[in-house]
Each structure stands twice: as C-alpha cells, then as structure tokens.
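Chemist: One structure, as structure tokens, below. Some questions next.
Read-outs: derived from the displayed coordinates by stated rules, not from any lab. Everything numeric here is computed off the predicted structure, so don't read it as measured data. Methodologically, a virtual Cβ is constructed for each residue, glycine included, from the backbone with ideal geometry; neighbour enumeration extends over all protein chains shown.
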Amino acid sequence: MEHAILHLLYSRFFTKALRDLGYLHIDEPFTNLLTQGMVIKDGAKMSKSKGNVVDPDDLIQQYGADTVRLFALFAAPPERDLEWNPQGVEGCFRFLNRVFRLIQASLDCFSGGTTQIDLSDLSPADRQLHRKTHQTIRRVTESIEKDFHFNTAISGVMELVNQISAETAQPTASSVLREALETVLLLLFPMVPHFCEEMWQLTGHAQPLQLQTWPSFDPAAAEEDELTIVVQVNGKLRGRLTVPAETGEEEIKQLALADEKVSGFISGKTVQKIVVVKGKLVNIVLK
C-alpha cells in the first residue's frame, strides 16, 4: 500500500512519455490496479527496521510451505492488511490434515466403478452433496477471477469439506463422493499445489493434477430446490419463508402476507407496496 502511489506514478509517467515519443499507442499501462495490504504484527507494520519480522523459514520447517501459503491467503482479502496470528497457521494445518484423513478414508471411491453420476438415482443426501460441489466451483471461480479474493475461495472449499464429512457418515454414492473430493483438490491446487498433487497421486490418478483443466459447474446442478426468503416489514426483519425455487413472485407475496409472524405487524394497517428481490427477500411497505 505505501509503495503504490509512487510506483503507479512512475509507470504511468514512462508509459505516457513513450506514447508522446511515438513508441507506444496506449495511454495507460494498466486496465486495473489491485493494491495489496500490509502484514501487521502486534499493531504495527511488519518490517526489518521495527524488528518484528516473523521468519517464514521457521514456519515452513514446522508446517510446510503449503500451510503457510494457505494461511497468508486465507487470513485477509488481498487489499486489506493482514493481522499476523500464529494460531491461524495452526488452524490451516489442521484443515489440510482433515482433508488428508478424509481422502485416505475414501480411497475406495477412486478404485474402479463409473465416474458418471445418475441424477435420477441419487438419495436426497447425495443430491445435496452434488449440488454443494457445483455451487462451490461457481463460488471459488468467481472469487478468484473477479476479485482475487482467495480468502473467500478457501472458505468455500472448507464448507464443501464440512459437507463431505457429514455425508461420509452415511452411505454415499461413490461417484458423488469422488466428484466432491476431486473438486476439493482441483480448487485448492492454486493455494496448496504440493499437498494437492500428492493427494491426487494417492487417489490413483495417472496424469498429474497440474495438467488437469479447471472444473466447470453445471448451472442446473447448482440450483437450490428450495429458497429461504427473508420477510421484512418497513425494512425490519419479521420472518422467513421456505419456498420451492420455482415459486412465482405473486405467490411469494401472498405467502409473506399470510405468514403468522408477519401478520401481527401488518394487521389493521394499509400496505402501500410489496417489494420482492428475487430469491432473497420480500419487503412489505406500510403507510
């Protein structure tokens, strides 16, 4: 952050000078700029002059380079300052160990059998895991490509791992479980490449993970069967509705007006208008 102004000024100056001299035909050197935050320790900027620098070699020796990298990316969005917290490194170390144990316990789903998923034959739990897998691919892809927010990308993978752990406690279709675990490794690969490559080999894949294509999500598979709609009265939360995803706007309005928790706040009053934000909320505006 502290270097961004001068570095940006220099690069723009030289670009415009070269443009004026006829060597370039562009006016600006960048289409956009992402300025990273700084690492903060004990309330102060981490720097050699302050003597508060943490030697990454010590952490790498204890936890491995992938764990340290995962923590640095997960601790904060890139444009915000990162508050150094040794407990956060330990938390990332536990997460990677959890993924390792989960894959070790599920190696059977990688040996033989079909990788095709028959959607018509899935249990409700398997359908939910399949949906979560495709929702996670969408979330992680958008977080990285749009905002460089690796922290929310990692958080999305953690949520998928939580759901896989919950599903493996009961019978799960091997094709659905395999898809979910392979997705975890593919999505984590930019952050923890050494760990993911080793897990990829452990699951019996002949071709290296680094040669795989980035996963794509199926929009239909990522769609929720049901939606939770927040109901507000004059902007204040008064209730929630759970409705099928295909429910129309007029029907949602009627359900909101008829909801027991909401009716007490609108009884005897005049409804001026009802604002529906598709798939998210209903706001009943009273006079």
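Chemist: Apply the Karplus curve 6.51 cos²θ - 1.76 cosθ + 1.60, θ = phi - 60°, to the phi angles in the range 15-26 and return the couplings in whole Hz, x for Gly and Pro.
Modeler: For the range 15-26, the Karplus curve yields 4, 6, 5, 5, 5, 5, 7, x, 7, 10, 10, 10 Hz.
Chemist: While we're on this one: How big, in percent, is the set of alpha carbon pairs in the range 226-286 lying more than 12 Å apart?
Modeler: 61
Chemist: A follow-up question, please. Hey, what does the equivalent ellipsoid look like for the chain, semi-axes from the Cα gyration tensor as sqrt of 5 times each eigenvalue, largest first, whole Å?
Modeler: Those come to 40, 33, 21 Å.
Chemist: Loop-only check: which trypsin sites (Lys or Arg not before Pro) in the range 256-285 are DSSP coil with at most 16 other Cβ within 10 angstrom?
Modeler: Lys269, Lys278, Lys280
Chemist: So what is the relative contact order for the chain, in percent, with contacts set as C-alpha pairs under 8 Å and at least six apart?
Modeler: Once normalised by length, the contact order is 13 percent.
Chemist: Distance from the Cα centre of the range 225-277 to that of the range 35-66, in angstrom?
Modeler: 50
Chemist: For the range 173-186, just list the computed ³J(HN,Hα) in residue order, Karplus coefficients 6.51, -1.76 and 1.60, θ = phi - 60°, integers in Hz, with x standing in for Gly and Pro.
Modeler: Going residue by residue, I get 4, 4, 5, 5, 5, 4, 4, 5, 5, 5, 5, 4, 5, 5 Hz, with x marking Gly and Pro.
Chemist: Oh, and also: Using the beta-carbon distance between Ala4 and Ala65 and R0 = 25 Å, what value does 1/(1 + (r/R0)^6) give for FRET efficiency, to the nearest 0.05?
Modeler: 0.40
Chemist: Residue separation times 0.36 nm, minus the C-alpha to C-alpha distance between Thr270 and Asn97: what's the value? Provide the component values of the computation, followed by the final result.
Modeler: Details: separation 173, 0.36 × 173 = 62.28 nm, distance 5.78 nm.
Between Thr270 and Asn97, full extension yields an extra 56.5 nm.
Chemist: Still on this structure, I have one more. Quick one: of Lys16/Lys50; Lys16/Lys48; Lys132/Lys278; Lys146/Lys253; Lys261/Lys287, which pairs are farther than 31 Å apart, Cα to Cα?
Modeler: Where the Cα-Cα span goes over 31 Å, the pairs concerned are Lys16/Lys50; Lys16/Lys48; Lys146/Lys253.
Chemist: With no solvent and one equal point scatterer placed on each C-alpha of the range 1-92, evaluate the Debye formula and give log10 I(q)/I(0) for q = 0.16, 0.20, 0.25 Å⁻¹, two decimals.
Modeler: -0.76, -0.96, -1.26
Chemist: Using R₀ = 45 Å, calculate the FRET efficiency as 1/(1 + (r/R₀)^6) where r is the Cβ-Cβ separation of Val285 and Ala220; round to 0.05.
Modeler: Numbers: r = 35 Å, r/R0 = 0.77.
My answer for the efficiency is 0.85.
Chemist: Averaged over all directions, how much area does the convex hull of the C-alpha atoms of the range 114-222 cover when projected, in nm²?
Modeler: For the Cα atoms of the range 114-222, the hull's average projected area reads 6.9 nm².
Chemist: Please turn the phi angles of the range 154-160 into ³J(HN,Hα) values with the Karplus equation 6.51 cos²θ - 1.76 cosθ + 1.60 (θ = phi - 60°), one per residue in order, whole Hz, x for glycine and proline.
Modeler: Each residue of the range 154-160 in turn: 5, 4, x, 5, 4, 5, 5 Hz.
Chemist: Could you compute the longest span of the chain free of GluC sites (Glu not before Pro) located in DSSP loops and having at most 16 other Cβ atoms within 10 Å, not counting the site residues? Don't jump to the answer; show the numbers that get you there.
Modeler: Values: sites that count: Glu2, Glu79, Glu223, Glu224, Glu246.
My reading of the result: 80-222 is the longest stretch.
Chemist: Cut-off is 10 Å between beta-carbons; in what order do Met158, Met199, Met38 appear when sorted fewest neighbours first?
Modeler: Working: Met158 17, Met199 24, Met38 14.
Listing Met158, Met199, Met38 from fewest to most nearby Cβ atoms yields Met38, Met158, Met199.
Chemist: Once R0 is set to 45 Å, what does the formula 1/(1 + (r/R0)^6) return for the Cβ-Cβ distance between Glu251 and Asn162, expressed as a FRET efficiency to the nearest 0.05?
Modeler: On the way: r = 33 Å, r/R0 = 0.74.
Working from the Cβ atoms, E equals 0.85.
Chemist: Which cross-chain or sequence-distant (5 or more) residues have an amide H under 5 Å from the amide H of Leu281, H modelled 1.01 Å from N in plane?
Modeler: Correct list: Val230.
Chemist: Here's another thing I want to ask about it. Taking the Cα centre of the chain as origin and charging only Cβ (+1 Lys, Arg; -1 Asp, Glu), how large is the dipole, in debye to the nearest 20?
Modeler: 1180
Chemist: With contacts defined as alpha carbon pairs under 8 Å and 6 or more residues apart, what's the relative contact order of the range 145-287 in percent?
Modeler: It rounds to 17 percent for the range 145-287.
Chemist: Now, a different point. Which ordering of His205, His149, His194 is given by a fewest-first count of other beta-carbon atoms within 10 Å?
Modeler: By the 10 Å Cβ count, ascending: His194, His205, His149.
Chemist: Return the calculated 222 nm mean residue ellipticity for the chain, to the nearest 500 deg cm²/dmol, obtained by summing -39500 (n - 2.57) across DSSP H runs with n ≥ 4 and dividing by the residue count.
Modeler: Using -39500 (n - 2.57) per qualifying helix, the result is -16000 deg cm²/dmol.
Chemist: Starting from the 7 Å offset along Cα-to-Cβ, what nm value, one decimal, do you get for the label separation of Lys16 and Phe148?
Modeler: If labels sit at Lys16 and Phe148, their model points lie 2.3 nm apart.
Chemist: Of the beta bridges DSSP finds with both residues in the chain, what % are antiparallel, to the nearest 5?
Modeler: 75
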